[in-house]
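Following: one structure in structure tokens, then a few remarks.
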Amino acid sequence: MRVLLTGASGFLGRYVLSQLTRQGIDVVVVGRSRPAVHGGDFIEADLLQKEDCSAAVQRARATHLIHLAWYAEHGNYWESPLNLRWLEGSIQLVEAFCSAGGRKVVAAGTCAEYDWSCGYCREDASPLAPASMYGTAKDATRRLAAVVCGAHQIAFAWGRIFLPYGQGEDSRRLIPSLIEVFQGRRLPFGVNAIAYRDFLHAEDVARGFLSLLLSDAAGNYNISSGQPTQIAEVVRLIASAFGGDASDVLDLSTERPSEPEMLIGDCQKLKALGWQPVHSIASIVASQGA
């Protein structure tokens, strides 16, 4: 097995690369910059340029593809027209990989593909109704990639990521922002305290992608904890870990009717492959506050 990995310099990509390396899997990274911790094969390429993409796939000589690369600038990616560029580039990549003799494609989707009003999302039962350019482009990528892989008769697995957290995530995201509040480095701000969300540590996300890669998995899989965690509880855990007062944030919090009360992913399909999450917010936050 030789794996072509895209997006290895990103938040989740670094964890996936680490898992691949830890498993002793031969991996070649393709992208615009070499990951800081990667000493293996690297091919510099702009995946949004068709010629670069095709040449990189030919040079990689990989049997398996894990495609994570996408535009993900915090706060801007939801409605960015770059989502359309990555839709086109992703399909070009999958087509080039299949045409080069690749045997399996694993790619990153998102919980934003679902109709969030359903609250509890099951892969093959819950409606898909993305409310953003990002979610729509990801859903279209999934549909088209499945057609391309089907035409070449190779396996295709799509991992819908829910709410990842962990070291290396953008400091403006919820958990690192709250940590900075209770470290005294950021002013308190309000959150949707009563809402329930599905948080999953980035290392568990990465292990989920490896499960899809190393099994005979095909089709759609939620990469999620399956456990509802109230945002107010996240605030309390972080406040406690850093010796702060949760009310500094909770007193500023109000209900947000425009946001779903619950967003949870059923992960039984992924668990059936032998995967289990090993991290919890409580343990991770406690270790940072110690």
- Selection within region 102-121 - free of Cβ contacts under 8 Å to residues at least 24 places away in the same chain and part of a helix (DSSP H, G or I): 118
- Can you tell me which residue among 168, 184, 243, 208 is over 14 Å from the mean Cα position of the chain (by Cα) and over 16 Å from residue 286 (Cα atoms)? 184
- Message: Considering only region 110-117, I want to know if a residue exists there that is in contact with a Cys (Cβ under 6 Å, 6 or more places away or on another chain) and modelled with pLDDT of 95 or more.
- Response: yes
- What is the one condition in (1) part of a helix (DSSP H, G or I); (2) closer than 16 Å to residue 5 by Cβ that residue 138 does not satisfy? (2)
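Looking only at helices (runs of 4 or more DSSP H) that fall completely inside region 179-290, which ones have 2 or more residues that are touching a helix residue (DSSP H, G or I) at 6+ places or on another chain (Cβ under 7 Å)?
By residue number, 202-214, 231-241, 247-250, 281-289.
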- Message: So residue 170 ticks every box in (1) modelled with pLDDT of 95 or more; (2) in the same structural domain as residue 93 (by TED's automatic domain parsing); (3) not in a helix (DSSP H, G or I) but one. Which box is left unticked?
- Response: (2)
- Message: Regarding region 144-165, can at least one residue be identified that is in a helix (DSSP H, G or I), in contact with a Ser or Thr (Cβ under 9 Å, 6 or more places away or on another chain), surrounded by fewer than 20 Cβ atoms within 10 Å (Cβ to Cβ) and at pLDDT below 95?
- Response: no
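Yes or no, residue by residue, for (1) surrounded by fewer than 15 Cβ atoms within 10 Å (Cβ to Cβ); (2) modelled with pLDDT of 95 or more; (3) touching a helix residue (DSSP H, G or I) at 6+ places or on another chain (Cβ under 9 Å); (4) within 20 Å of residue 14 (Cα to Cα):
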{"site": "32", "(1), (2), (3), (4)": "yes, no, no, yes"}
{"site": "36", "(1), (2), (3), (4)": "yes, no, yes, yes"}
{"site": "44", "(1), (2), (3), (4)": "yes, yes, yes, yes"}
{"site": "47", "(1), (2), (3), (4)": "no, yes, yes, yes"}
{"site": "54", "(1), (2), (3), (4)": "no, yes, yes, no"}
{"site": "57", "(1), (2), (3), (4)": "no, yes, yes, no"}
{"site": "78", "(1), (2), (3), (4)": "yes, yes, yes, no"}
{"site": "86", "(1), (2), (3), (4)": "no, yes, yes, yes"}
{"site": "92", "(1), (2), (3), (4)": "no, yes, yes, no"}
- Can you find a residue in region 178-189 that is over 24 Å from residue 267 (Cα atoms), acidic (Asp, Glu) and surrounded by fewer than 20 Cβ atoms within 10 Å (Cβ to Cβ)? yes
- Considering (1) out of contact with any Leu (no Cβ under 8 Å at 6 or more places or on another chain); (2) more than 29 Å from residue 227 (Cβ to Cβ), say which one residue 77 fails and leave the rest. (2)
- Which of the strands (runs of 3 or more DSSP E) contained wholly in region 1-101 include at least 1 residues that are within 17 Å of residue 154 (Cβ to Cβ) and not basic (Lys, Arg)? 2-6, 64-67
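The values are calculated or read from the model by the stated rules, or taken from the named source; none is laboratory data. Just so you know, these numbers come straight off a predicted model, no measurement behind them. Positions of Cβ are backbone-derived with ideal geometry, glycine not excepted, and every protein chain shown enters the neighbour counts.
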